[in-house]
Amino acid sequence: MSHFTLATRAALMGLCLVAASCAGDKKDEAPKGQNPEKAKAVAEGNVPTINIRYIDGDSISEHYNLAKDYKDFYQRTLTTLSQTERSKAAEIQKFANQIDEKLKSNGYLSEASYNGDMQKLNKMQQDAQNYMAQLQRKADQQNAEYLQQLNDSIENYIKVYNKDKGYDAILYRTAGVYYNPALDITDEVIAGLNERYKKPSKDDKK
């Protein structure tokens with residue numbers, strides 16, 4: 001009985017040694033489902049720090065000179081479209097009134113003459129619609145280009161700005177619910193953007 005007990009103990013010790021060896025081999029393996037590269041970085045002590053800052057997009061839109069120029073451009077575009085539409089509508093209405101006056105005063109000597117004026121009126125309306133649609137498409141294209149330029153300018157500057165700062169992330173304030181106000185770098189970014197921005201001259205716009 002004693003011999004059996006000693007043999008059993010020896011077997012158990014052997015199993016424990018095998019289990020410990022297997023555990024040692026698997027210690028460096030990534031847990032199932034974990035990104036191996038992330039596991040390697042953590043194992044090497046390369047743990048990321050929470051080193052973020054944020055910017056306020058509304059403040060940039062309000063104080064960045066390029067953004068202000070864009071707003072001025074957009075307002076001028078809307079004004080031009082509105083004025084052109086009113087002008088076309090007034091021209092069409094004037095001709096329609098002339099047709100009504102001629103009808104009331106028996107100014108049309110033939111039905112063909114009346115039909116000719118009505119065709120002209122319809123063509124004026126169609127031409128005006130086509131012209132306004134063309135102006136709108138052009139304005140939309142310019143607007144998209146200006147917005148792209150604005151976004152590219154901000155993003156490019158942020159990359160240059162962060163080369164010296166070395167932040168892990170720079171976020172827009174709207175991307176989160178709460179930020180410590182001490183993390184706000186909006187004023188610095190606006191100052192840098194305006195310092196770098198060169199307003200196009202009249203010659204550049206030609």
(request) Write out, first by first residue and then by second, each pair whose Cβ atoms fall under 7 Å of each other, whose residues are 6+ apart or on separate chains, and whose first residue, in region 141-155, is within 16 Å of residue 59 (Cβ to Cβ) and of a type in the set (S, T, N, Q) while the second is modelled with pLDDT under 95 and open to solvent by 50 Å² or more (accessible area, probe 1.4 Å). (result) none
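Conditions tested, residue by residue: (1) more than 16 Å from residue 56 (Cα to Cα); (2) modelled with pLDDT under 95; (3) touching a Lys or Arg at 6+ places or on another chain (Cβ under 7 Å).
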{"position": "119", "(1), (2), (3)": "yes, no, no"}
{"position": "122", "(1), (2), (3)": "yes, no, no"}
{"position": "126", "(1), (2), (3)": "yes, no, no"}
{"position": "133", "(1), (2), (3)": "yes, no, no"}
{"position": "136", "(1), (2), (3)": "yes, no, no"}
{"position": "168", "(1), (2), (3)": "yes, yes, no"}
{"position": "176", "(1), (2), (3)": "no, yes, no"}
(message) I'd like the residue in region 145-170 that is open to solvent by 60 Å² or more (accessible area, probe 1.4 Å) and among the hydrophobic types (A, V, I, L, M, F, W, C) and, out of all such residues, is nearest to residue 50 (Cα to Cα).
(response) 160
(request) Go through region 54-106 and give me each residue that's open to solvent by less than 60 Å² (accessible area, probe 1.4 Å), in contact (Cβ under 8 Å) with a residue 24 or more places away in the chain and more than 19 Å from residue 152 (Cα to Cα). (result) 77, 81, 84, 89, 92, 95, 96
(request) Please state which one of 37, 29 is assigned to a helix (DSSP H, G or I), at pLDDT 50 or above and farther than 30 Å from residue 123 by Cβ. (result) 37
(message) Among the residues of region 153-166, are any part of a helix (DSSP H, G or I), within 18 Å of the chain's Cα centre (by Cα), at pLDDT 95 or above and small (Gly, Ala, Ser)?
(response) yes
(request) Would you mind finding the one in 81, 103 that is at pLDDT below 95 and either of a type in the set (A, V, I, L, M) or assigned to a helix (DSSP H, G or I) (or both)? (result) 103
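The values are calculated or read from the model by the stated rules, or taken from the named source; none is laboratory data. Remember, it's a predicted structure, so these values are computed and weren't measured experimentally. For neighbour counting, all protein chains shown are included, and Cβ atoms are generated from backbone atoms with ideal geometry for every residue, glycine included. Accessible surface is based on the protein model in full, side chains and every heavy atom, while ligands, DNA and RNA are left aside. Shrake-Rupley method; radii C 1.70, N 1.55, O 1.52, S 1.80 Å.
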